[in-house]
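The values are calculated or read from the model by the stated rules, or taken from the named source; none is laboratory data. A quick note: this is a predicted structure, and the numbers were derived from the prediction, not measured. Methodologically, a virtual Cβ is constructed for each residue, glycine included, from the backbone with ideal geometry; neighbour enumeration extends over all protein chains shown.
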Amino acid sequence: MLFLLLLDSPDDAQFMEELYQAHYRLMYATALRVLRSAPDAEDAVSTGILSLMKKIDILRGLPCNKLEAYLVITIKNTAINCYQKRKRASEHLSGPVEELKLVDDTAQPEVMAVEQEGLARVKQAIRALPAQEQTAMMLRYFQRLPFDEIAQAMGIKQTSVRSLISRGKTRLHSLLTEGGEPHG
């Protein structure tokens with residue numbers, strides 16, 4: 001709670017400390033649902049609290065139920081921003097599909113060679129998909145995100161995510177079994 005040192009007024013510091021103590025579990029749970037990582041959720045709560053400190057006057061004027069909603073929205077948005085920042089950094093560091101590693105290193109060399117060949121075909125087929133289908137498939141099957149999080153990350157509806165994945169599976173099946181070309 002070192003953030004309290006940033007406040008000029010002892011009344012403001014007291015208010016924020018009480019707010020933090022009373023609502024920490026709610027804020028942490030909100031961030032954890034988005035980020036699925038305890039350290040990242042703690043970071044999101046800390047970052048959110050820092051942004052809330054700039055709005056103490058607004059916070060003081062809110063009734064309890066609206067205050068909790070305001071806190072949840074602020075922490076959720078902070079967590080989403082952290083998630084998107086982490087995703088961009090991960091994509092930058094890991095590169096595109098070529099960097100995915102799904103082969104068991106402990107397998108025998110001939111098994112590894114066959115798996116690598118199959119994986120290379122799947123990667124090639126995924127790269128042939130339209131951009132949105134490719135993104136939806138990657139988030140669903142490689143990052144194992146649920147449909148609602150994929151929709152949120154892509155800025156589309158869940159039904160659209162389901163449609164993209166369905167079309168992507170159909171195209172992948174065609175590409176992998178028939179050697180067909182992606183169609184439009």
Does N65 qualify as being farther than 23 Å from D148 by Cβ, outside the structural domain of P146 (by TED's automatic domain parsing), under 28 Å from the mean Cα position of the chain (by Cα) and not β-branched (V, I, T)? yes
Is it fair to say L32 is more than 30 Å from L145 (Cβ to Cβ), crowded, with 16+ Cβ neighbours inside 10 Å and modelled with pLDDT of 90 or more? no
Could you say whether any residue in the range 38-57 is part of a helix (DSSP H, G or I), of a type in the set (K, R) and farther than 21 Å from P146 by Cα? no
Filtered residues of the range 17-37 (kept if assigned to a helix (DSSP H, G or I), among the charged types (D, E, K, R) and under 22 Å from R86 (Cβ atoms)): R33
Scanning the range 143-163 for residues that are out of contact with any Leu (no Cβ under 6 Å at 6 or more places or on another chain) and hydrophobic (A, V, I, L, M, F, W, C), which turns out surrounded by the most Cβ atoms within 10 Å (Cβ to Cβ)? V161
Find the helices (runs of 4 or more DSSP H) located wholly in the range 85-170 whose residues include 3 or more that are of a type in the set (S, T, N, Q) and at pLDDT 60 or above, and list them. 131-137
Within the set of pairs 6+ apart or on separate chains, which have a first residue in the range 128-154 that is in the same structural domain as G168 (by TED's automatic domain parsing), a second that is modelled with pLDDT of 85 or more and among the basic types (K, R), and C-beta atoms under 8 Å apart? A128/R171; L129/R171; E133/R167; E133/R171; M137/K169; F147/R162; A151/K157
So, K76, is that one part of a helix (DSSP H, G or I), basic (K, R) and over 22 Å from the mean Cα position of the chain (by Cα) or not? no
